[in-house]
Amino acid sequence: QMMRSSHYILKAYDEAYRPFGIRATQMPVLGAVARRQPVTIRQIANELESERSVMSRKLQVMEKSGWVKEDPKASGKEKTFVLTREGKELIQKILPVRMDVQQRLMSVLTEDELNLLMTLCNKLKAVS
């Protein structure tokens, strides 16, 4: 049931984001770049608790889409990334859509259910 619930949630975001050409799984990466730029793949992977290879592939796709680019000022061994103007514009367009989807998903739960959901998510995060 948990896998199915996760699928339904991602599907709701993916459908809402489709007109913008971005997937729900890419948004946290774009957000991490926005918050921490310039940022390395390692820093993004650590923040999102993911593998560097996964982040590298996502950033390649996002770079091809024009949302991020390598930081031209970077001088270290690791690649660093910054948002492009298109990436900043995309975030501004997506944020209201994200809030609408989140509100729609949460609106079917009572306050007690929302509190329980947050408690359970925190417990499950501690296991991983």
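The values are calculated or read from the model by the stated rules, or taken from the named source; none is laboratory data. The structure displayed is predicted, hence computed values, not measured ones. Please note: Cβ atoms are built from the backbone with ideal geometry, for glycine as well, and neighbour counts cover all protein chains shown. Ligands, DNA and RNA are excluded from the accessible area calculation, which covers all protein heavy atoms including side chains. Shrake-Rupley method; radii C 1.70, N 1.55, O 1.52, S 1.80 Å.
Worth a mention:
- Residue in the stretch 99-109 that is in contact with a Pro (Cβ under 9 Å, 6 or more places away or on another chain), open to solvent by less than 50 Å² (accessible area, probe 1.4 Å) and in a helix (DSSP H, G or I) present: no
- Residue within the stretch 11-33 that is touching a residue at least 40 places away in the same chain (Cβ under 8 Å), more than 24 Å from residue 93 (Cα to Cα) and not polar (S, T, N, Q) present: no
- Elements of type helices (runs of 4 or more DSSP H) contained in the stretch 1-83, each with 2 or more residues being within 23 Å of residue 125 (Cα to Cα), modelled with pLDDT under 90 and open to solvent by 80 Å² or more (accessible area, probe 1.4 Å): 2-17
- Filtered residue count, the stretch 75-128, keeping only those that are in contact with a helix residue (DSSP H, G or I) (Cβ under 8 Å, 6 or more places away or on another chain) and small (Gly, Ala, Ser): 1
- For the stretch 22-40, a tally of residues being within 14 Å of the chain's Cα centre (by Cα) and farther than 23 Å from residue 7 by Cα returns 4.
- Residue 90 being modelled with pLDDT under 95 and not basic (Lys, Arg): no
- Note on the stretch 69-96: residues that are closer than 12 Å to residue 27 by Cα and among the aliphatic types (A, V, I, L, M) amount to 4.
- Test: residue 116 is of a type in the set (A, V, I, L, M, F, W, C), in a helix (DSSP H, G or I), closer than 18 Å to residue 6 by Cβ and at pLDDT 90 or above: yes
- Close pairs from the stretch 40-52: first more than 11 Å from residue 29 (Cα to Cα) and free of Cβ contacts under 8 Å to residues at least 12 places away in the same chain, partner open to solvent by less than 50 Å² (accessible area, probe 1.4 Å) and in a helix (DSSP H, G or I), Cβ under 7 Å, at least 6 apart: 51/45; 52/41; 52/45
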